[in-house]
1. Has the range A:165-173 got at least one residue that is of a type in the set (D, E, K, R) and under 19 Å from A:Asp261 (Cα atoms)?
2. For the range B:471-480, which residues satisfy the criterion of being open to solvent by 30 Å² or more (accessible area, probe 1.4 Å) and touching a Lys or Arg at 6+ places or on another chain (Cβ under 9 Å)?
3. So how many residues does the range A:435-470 have that are within 23 Å of A:Asp284 (Cα to Cα) and touching a residue at least 24 places away in the same chain (Cβ under 8 Å)?
4. So which residues in the range A:259-279 are under 16 Å from A:Pro202 (Cα atoms) and open to solvent by 10 Å² or more (accessible area, probe 1.4 Å)?
5. Could you list, in sequence order, all residues of the range A:65-87 that are in a strand (DSSP E or B) and either more than 7 Å from chain B (Cβ to nearest Cβ) or under 12 Å from B:Glu114 (Cβ atoms) (or both)?
6. Considering the range A:357-372 alone, what residues qualify as being within 13 Å of chain B (Cβ to nearest Cβ) and either loosely packed, with under 15 Cβ neighbours inside 10 Å or more than 29 Å from the chain's Cα centre (by Cα) (or both)?
7. Listed residues B:Glu179, B:Glu164; which is modelled with pLDDT of 95 or more and under 28 Å from A:Ala76 (Cα atoms)?
Number of protein chains: 2
Amino acid sequence: MAKNIKTRDQDYPQWYLDVIKAGDLAEHSPVRGCMVIKPHGYAIWELIQEQFDRRFKATGHVNAYFPLFIPKSFLAKEAAHVEGFAMECAVVTHSGLRPDGKGSIEPHGKLEEELIIRPTSETIIGHMFANWVQSWRDLPLLINQWANVVRWELRTRLFLRTMEFLWQEGHTAHESAEEAEEETRRMLEVYRETVEDELAVPVLKGEKSPSERFAGADRTYCIEAMMQDGKALQAGTSHNLGQNFAKAFEIQFQDRNQELDHVYTTSWGVSTRLVGALIMAHSDDEGLVLPPHVAPVLAAIVPIYRKDEEREAVLAYAKEILTRLYGEGGAEALAAVESGIGSKEIVSLVLPNASRGQRIVLDLRDTLRPPEKFFHWEQRGVPLRIEVGPRDLQNKKAMVAERPTREKGAVDAAALDRAWLDTKLAAQQKLLFERALAMRKANTHAVDDYDALKAGVEAGGFYLMHWDGTDETEAKIKAETKATIRCIPFDDVIETAEGPVSTREAGTDPVSGKPSEGRVVFARAY
Amino acid sequence: MAKNIKTRDQDYPQWYLDVIKAGDLAEHSPVRGCMVIKPHGYAIWELIQEQFDRRFKATGHVNAYFPLFIPKSFLAKEAAHVEGFAMECAVVTHSGLRPDGKGSIEPHGKLEEELIIRPTSETIIGHMFANWVQSWRDLPLLINQWANVVRWELRTRLFLRTMEFLWQEGHTAHESAEEAEEETRRMLEVYRETVEDELAVPVLKGEKSPSERFAGADRTYCIEAMMQDGKALQAGTSHNLGQNFAKAFEIQFQDRNQELDHVYTTSWGVSTRLVGALIMAHSDDEGLVLPPHVAPVLAAIVPIYRKDEEREAVLAYAKEILTRLYGEGGAEALAAVESGIGSKEIVSLVLPNASRGQRIVLDLRDTLRPPEKFFHWEQRGVPLRIEVGPRDLQNKKAMVAERPTREKGAVDAAALDRAWLDTKLAAQQKLLFERALAMRKANTHAVDDYDALKAGVEAGGFYLMHWDGTDETEAKIKAETKATIRCIPFDDVIETAEGPVSTREAGTDPVSGKPSEGRVVFARAY
């Protein structure tokens, strides 16, 4: 098979792009900085969405939708916010186009007030909350929105940093500072749980240093993941906005003592960059590897036959295995698909009691030879590939290849059922998390002098180092090493390659020589 | 209870807005023409999405995501398309804002080429398809996108016509004209089935007259529904785009005879205006009525007690009924919610095997009296309200109120289980469809002279009239009556108040006096 993917050692950034291309996940669009999320990439995003959405709903949040457009004047109301976002905003100035008489069309209908395309929705939602809240009885407001946002970026990278991206943004309002803080931390924990349990990506929870806070927040918490090149990726953030937006947008309420007060708000978001995190955390030199919980196709069955007389028997056998894996009602599900419209070339059964859209497929395409089919499913990160040929039929076996380990072995056909499938997938889910956790541990180190940090971040990895807590030292380190404080970790102890390290013991900042209250996590980041 | 909804007879347009407000579905936003979809409205949209999405997937379509921004030059490539959309496009001209020194912020960073915010995505998707298709083996391409689009509108109405709206747009490419036509009609049928079976809104399938075609289509098919004021609402459209976009964007492929040809494309869409259709089709003077298949809350249990000593027993009884309605595992589900975070005031159980998000609730709020709670759930269109008080407890009964009929009666508690719930809901679903169908029939008439049409459309309703097939006659009728040809119907026979009427018998256009091949549907429309 032609090698269409650079190895990670050869060229890590190119490897990432090659994996995306080979996995048919996304492409650049003709508008610079925007991407097209192709069906396989979007199916992964749908599964990620579903995992978050059910947890948001289980914690009492409801979805709503706010406008794409924000009046320019809104952005200016919160001083830190406008400073953070103004230069990244796409601005709509006209409401139509008309022929210019020279064969082109030109903007027409200048707007009285320019509209901003939301880079995030605190301002417009703050404005609406002000209408919705009168009394403490109206609180808490627990709202989430799934939407597209735009932040003008020129240095973009598929999934990780794009001008337009898809995300969810939670926006809540509370009676008290304590409740808002509790919510901010609760949603951070929801993020940790989802990213670790479903995406199989281990993360460190922590707080951002003041210079890395969201524009307008009192406190920003984050989850930080390590990619295979040792760089950090911020996988989600949760912001305690205090009363900043409530004051800017006059979100006032009568409290339990009949006094007028401003609400306390939070916001929190994860985005399509998580698809990038998935790719970089698990994939290998052969292409995409997906944790089963977010894999659109869980198993692909590839029939193998050379002669026409083998074809019928092998296909019947492959279908028997397909229905066995499906479990109860498999034969009916297959019959329904075969009589339906869909693609006849890849039979695709949506699995009962799996996440929406998760399925097993039987690859009947005549245009590809078996090795091409193996390659196809491997590069799409399908956890299990099941090959069935004339000899397997004779021996009542099937050849099973596991994507994460690329191990291959014969399994008795009688053993192939839904329970077997679920067990295999659960084991892969666990393996991927543990593999990523071991990788992080092996690339996490405590450092006590600045030169060690400099050399370390150059090679990649997380570095636990004392910090004096000042913006100046942080800025100096960033300028000299391109490393930033990824977080002030919540964990008292973090596992490193050399063993557990306390983050709470006082010490000395090796850069400034000033005292430090504990170690923070330094790394270069995406 | 204060009457917060105008009756339909008093003021139909105000009634519509009042129902939306009372049902807490949506609000105008500070940006003129845009709306905020509030949680209850958005939950309905999520259920509608789910019903369509599963059918799209079952017919072999996959979801993807294309950029919000379209280069200005793309729009100009298809002549009819640009003519149809240019004046409605929001135009992005700048990529940032900066302080102007006078306390305001002004657009900064003028773009080389202006970007259009998608009013629809044929052009950008056509551009991508050109890269994706080389051979007949790459066809058909069956793609769908759930997204927001923007069309500049100044006369807007919540859900029915807004500047930004949410929708799905299907985009497919095929080898042959026949396949494209088959797809166009298949998706129209998917629309009919979903709108009739899930939204309980009867529709007429048909073809649009040339003047009402989508800008750039060879043929546009539609489903048309009748609202309670007798006006038509276009509920979905499916377009056969022929080779128009393929030629504009050079989507070429090598066919089975090794010859280069342009693909044949289709597009089809439904939007958040369906929420408006739902409201106008089923609601009554008391507020929202929802067909159970798209009702976020299926049943609301309201406990009634006056004295504190009644409270505990009534609540225990109400919980017993809640868990009975839930079915197997109800007690565990209740315990999980009670130990969880969520709102403690409204216990909300997501029903197993229902659509995602469908639930039954127990209203424990202390801030509202029982009649206020009845009102609350009634105005939100909840199909079943179940009242339980001390006397019901004593008699082992519950009082059940059905939203569509507002009938109320005692039911034995022993009869209240999941099967009872499903049966009641199925009956309501059927009733709403039949009620809407009877309403349409009673307001559909054949007319053979122009004065009858004029008088008819003034009063509302669908009018089956002969048409000579010319743009001129159609334009004259529109100018004089504000009625348009809603469709050239597919049905050979349409039921009217006066009995079945053939649409296929030749006749005479009463406006022009010219011959006509059959009757078409005239009506005023939203």
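1. no
2. B:Glu480
3. Number of matching residues: 14.
4. Scanning the range A:259-279 gives a single hit, A:Arg273.
5. A:Ile70
6. A:Arg365, A:Asp366, A:Thr367, A:Leu368, A:Glu372 - these are the residues of the range A:357-372 that are within 13 Å of chain B (Cβ to nearest Cβ) and either loosely packed, with under 15 Cβ neighbours inside 10 Å or more than 29 Å from the chain's Cα centre (by Cα) (or both).
7. B:Glu164
The rows are residues; the columns are (1) within 13 Å of chain B (Cβ to nearest Cβ); (2) touching a residue at least 12 places away in the same chain (Cβ under 8 Å); (3) aromatic (Phe, Trp, Tyr).
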site	(1), (2), (3)
A:Phe165	yes, yes, yes
A:Arg192	no, yes, no
A:Ala200	no, yes, no
A:Glu212	no, yes, no
A:Asp218	no, yes, no
A:Tyr221	no, yes, yes
A:Gln228	no, yes, no
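The values are calculated or read from the model by the stated rules, or taken from the named source; none is laboratory data. All figures in this text were calculated on a predicted structure; none of them were measured in a lab. Cβ sites come from the backbone with ideal geometry, for glycine too, and all protein chains shown count toward neighbours. All accessible areas refer to the heavy atoms of the entire protein, side chains included, with ligands and DNA or RNA removed. Shrake-Rupley method; radii C 1.70, N 1.55, O 1.52, S 1.80 Å.
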